[in-house]
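Written below as structure tokens is the structure these notes are about.
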Amino acid sequence: MKIKKQINPVKVWKWTVTLLALICWSLLLLGCLSGNEQFIRWSSILLIPLILFSIIPLIGGALVIFFEKRRR
């Protein structure tokens, strides 16, 4: 029997956020270089929540580690 390799959800989360952020950054760069305000507006609207969503797991992990050390 073959053992299936388990998928790490943290890695999936990081890659998804990274790829979406790259798309938004490229739209922002395209908007800045071409002077198109619509690209700049939409990439900014999409990029800010992506940055926040990418920071949430880091803050959550830091809080878990902090409270685990504090409880001991």
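Read-outs throughout are calculated quantities, based only on the coordinates presented, and are distinct from any laboratory measurement. Note that the structure is predicted; figures quoted are calculated from it, not measured. Note: ideal-geometry Cβ built from the backbone for every residue, glycine included; neighbour counts use all protein chains shown.
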Inset, instruction - Write out, first by first residue and then by second, each pair whose Cβ atoms fall under 7 Å of each other, whose residues are 6+ apart or on separate chains, and whose first residue, in the stretch 25-36, is free of Cβ contacts under 8 Å to residues at least 40 places away in the same chain and within 20 Å of Pro49 (Cα to Cα) while the second is surrounded by 13 or more Cβ atoms within 10 Å (Cβ to Cβ) and of a type outside the set (A, V, I, L, M, F, W, C). - result: Leu27/Ser43; Leu28/Ser43; Leu28/Ser44; Gly31/Ser43
Legend entry - Residue match in the stretch 47-56 (condition: over 14 Å from the mean Cα position of the chain (by Cα), over 19 Å from Pro9 (Cα atoms) and surrounded by 14 or more Cβ atoms within 10 Å (Cβ to Cβ)): no
Inset, instruction - Return a yes/no flag: does the stretch 36-46 have any residue that is touching a Cys at 6+ places or on another chain (Cβ under 9 Å), of a type in the set (Gly, Ala, Ser) and surrounded by 13 or more Cβ atoms within 10 Å (Cβ to Cβ). - result: yes
Inset, instruction - Answer yes or no: is there a residue in the stretch 22-31 that is surrounded by 11 or more Cβ atoms within 10 Å (Cβ to Cβ) and touching an Asp or Glu at 6+ places or on another chain (Cβ under 9 Å). - result: yes
Inset, instruction - Can you give me the number of residues within the stretch 6-43 that are within 24 Å of Leu58 (Cβ to Cβ), in contact with a helix residue (DSSP H, G or I) (Cβ under 7 Å, 6 or more places away or on another chain) and of a type outside the set (A, V, I, L, M, F, W, C)? - result: 1
